[in-house]
Amino acid sequence: MNNQRLYLGALICLGVLYFMMGFVTVLNDTLVPYFKQGFHLNYAQSSLVQFYFYLTYGLVSIPAGKMLMRIGYKKGMIIGFLLASVGAILFFPSALLHEYHLFLCALFVVAIGIVLLQVSANPYITALGAPETAAARLTLIQGIGSLGTTLAPLFGAHFILSKIEGAVDSSQALVVPYLMIALVLLLIAIVIWRLKLPDAQINERQARLSLGDTLRLYPKLKFGVLALFLYVGAEVAIGTFLTNYTADRLGVSESSANYFVSYYWGGMLIGRLVGAFYLRYIQVSKLLMILSALGCIAVLFSIATAGLWSVLLLLCCGFCNSVMFASIFSLSIEGMGENAGQASGILSTAITGGAILTYLQGSLKDSLGWETAFIIPALCYLGIFIYARFAHRYQSK
């Protein structure tokens with residue numbers, strides 16, 4: 001009974017963690033059009049919000065994975081929430097000075113906290129049960145997190161985008177929302193500190209493999225890094241520019257268009273909640289092939305059409321994305337045992353795809369238009385399909 005309570009407490013804790021990670025991360029999709037209008041930026045400049053945020057994964061993930069070996073999962077989560085809270089508080093002086101680059105620095109601090117949460121939580125979830133159900137377990141917890149990603153655009157549209165014209169300057173509307181977020185993050189850190197969580201032991205001797213040895217001994221991990229880079233690039237690029245894309249396609253205001261972003265993340269929520277059950281019965285690699293193919297087709301048909309249909313097709317990518325992260329992650333660390341913590345750090349560096357590919361898409365939009373820019377996520381889905389084929393053959397051996 002005590003063990004069941006410990007595991008239930010751990011799952012609730014991880015659900016709250018993923019909710020806040022998703023909420024804070026997807027709120028960036030609101031900041032991009034907000035800063036674009038408020039600071040009179042082009043698409044490439046406004047995409048620096050995502051560039052700074054996701055670049056942190058490349059800089060911090062591996063050191064965070066090594067730190068995790070020393071301090072454990074629980075302390076890693078506490079420090080992650082505290083750092084994210086500090087970053088959110090830094091929005092206040094950034095707003096007072098009305099300086100875009102100060103906001104980017106504040107986001108960088110938030111992102112360091114989110115990276116530590118990601119690196120801590122993913123292997124911890126896989127360690128809380130049988131390896132064969134790891135993808136389903138991770139998908140279920142991420143499904144709870146998707147509730148945060150679904151609510152964030154609604155929160156952003158109401159409390160941020162709708163206030164920009166009435167604010168004294170374009171920064172003032174950010175102060176109260178981000179101070180509220182900082183308080184919530186701080187409270188969660190305190191609750192986790194007080195909460196007793198089940199141990200997931202890390203074998204330090206096995207975890208001391210070098211980066212090169214880890215990639216050499218586990219080839220699936222090497223290709224998984226590339227697949228995750230492409231997946232995050234597609235997910236973030238679509239979410240980042242969906243508000244502007246919808247506003248252009250439908251001729252509506254950006255605050256109205258931002259509500260459509262909730263449907264994109266809502267599709268991911270539905271897919272993850274459903275996927276948590278059907279992943280127990282369908283081979284992960286086969287499902288990944290199907291969803292990546294559908295995602296590629298949806299993007300190509302979206303840019304080939306106009307009006308509401310072009311937006312609806314792009315929204316379908318949210319459902320296609322639903323189980324991709326969990327599938328790629330679980331396939332990549334399968335059979336790694338206690339080295340999963342270090343592998344999580346390596347895999348998390350691939351999340352820089354959200355920085356690099358989003359900036360590339362913004363630059364293409366500035367110079368060539370939406371049709372060319374959205375070739376980027378289409379190619380990402382194609383790459384994921386190729387990885388899924390490789391993983392399927394590897395599993396079939």
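The values are calculated or read from the model by the stated rules, or taken from the named source; none is laboratory data. Computed from a prediction, not measured in an experiment: that's the story for all the values here. FYI the Cβ positions are ideal-geometry reconstructions off the backbone, even for glycines, and counts take in every protein chain you see.
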Looking at (1) surrounded by fewer than 23 Cβ atoms within 10 Å (Cβ to Cβ); (2) over 15 Å from the mean Cα position of the chain (by Cα); (3) closer than 15 Å to residue 188 by Cβ; (4) modelled with pLDDT under 90, find the lone condition where residue 3 falls short.
-> (3)
By my count, helices (runs of 4 or more DSSP H) wholly in region 345-397 with at least 1 residues that are among the small types (Gly, Ala, Ser) and closer than 28 Å to residue 63 by Cβ are 353-368, 375-396
Residue list for region 269-284, filter: of a type outside the set (Val, Ile, Thr) and without any contact (Cβ under 8 Å) to a residue 40 or more places away in the chain = 278, 281
Answer yes or no: is there a residue in region 243-253 that is in contact with a helix residue (DSSP H, G or I) (Cβ under 6 Å, 6 or more places away or on another chain) and within 25 Å of residue 18 (Cβ to Cβ).
-> yes
Checklist (1) in contact (Cβ under 8 Å) with a residue 60 or more places away in the chain; (2) of a type outside the set (Val, Ile, Thr); (3) more than 24 Å from residue 51 (Cβ to Cβ) applied to residue 294, failing item = (1)
For region 60-70, does any single residue satisfy the condition of being under 30 Å from residue 158 (Cα atoms), among the hydroxyl-bearing types (Ser, Thr, Tyr) and within 16 Å of the chain's Cα centre (by Cα)?
-> no
Here are some residues: 93, 33. Which one is farther than 27 Å from residue 268 by Cβ and either surrounded by 18 or more Cβ atoms within 10 Å (Cβ to Cβ) or not polar (S, T, N, Q) (or both)?
-> 93
Tell me, yes or no, whether region 232-254 has at least one residue that is part of a helix (DSSP H, G or I), surrounded by fewer than 15 Cβ atoms within 10 Å (Cβ to Cβ) and modelled with pLDDT under 85.
-> no
Qualifying residue in region 48-68 (condition: over 22 Å from residue 229 (Cα atoms), of a type outside the set (D, E, K, R) and surrounded by fewer than 20 Cβ atoms within 10 Å (Cβ to Cβ)) = yes
Would you check if there is a residue in region 263-274 being surrounded by 24 or more Cβ atoms within 10 Å (Cβ to Cβ), over 30 Å from residue 162 (Cβ atoms), among the aromatic types (Phe, Trp, Tyr) and within 20 Å of the chain's Cα centre (by Cα)?
-> no
Which residues, counting only those in region 270-282, are within 24 Å of residue 224 (Cα to Cα) and at pLDDT 85 or above?
-> 271
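Listed here are the residues, each with its yes/no results for (1) over 24 Å from the mean Cα position of the chain (by Cα); (2) closer than 20 Å to residue 222 by Cβ; (3) of a type in the set (Ser, Thr, Tyr).
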| site | (1), (2), (3) |
| --- | --- |
| 352 | no, yes, yes |
| 356 | no, yes, no |
| 377 | no, no, no |
| 393 | yes, yes, no |
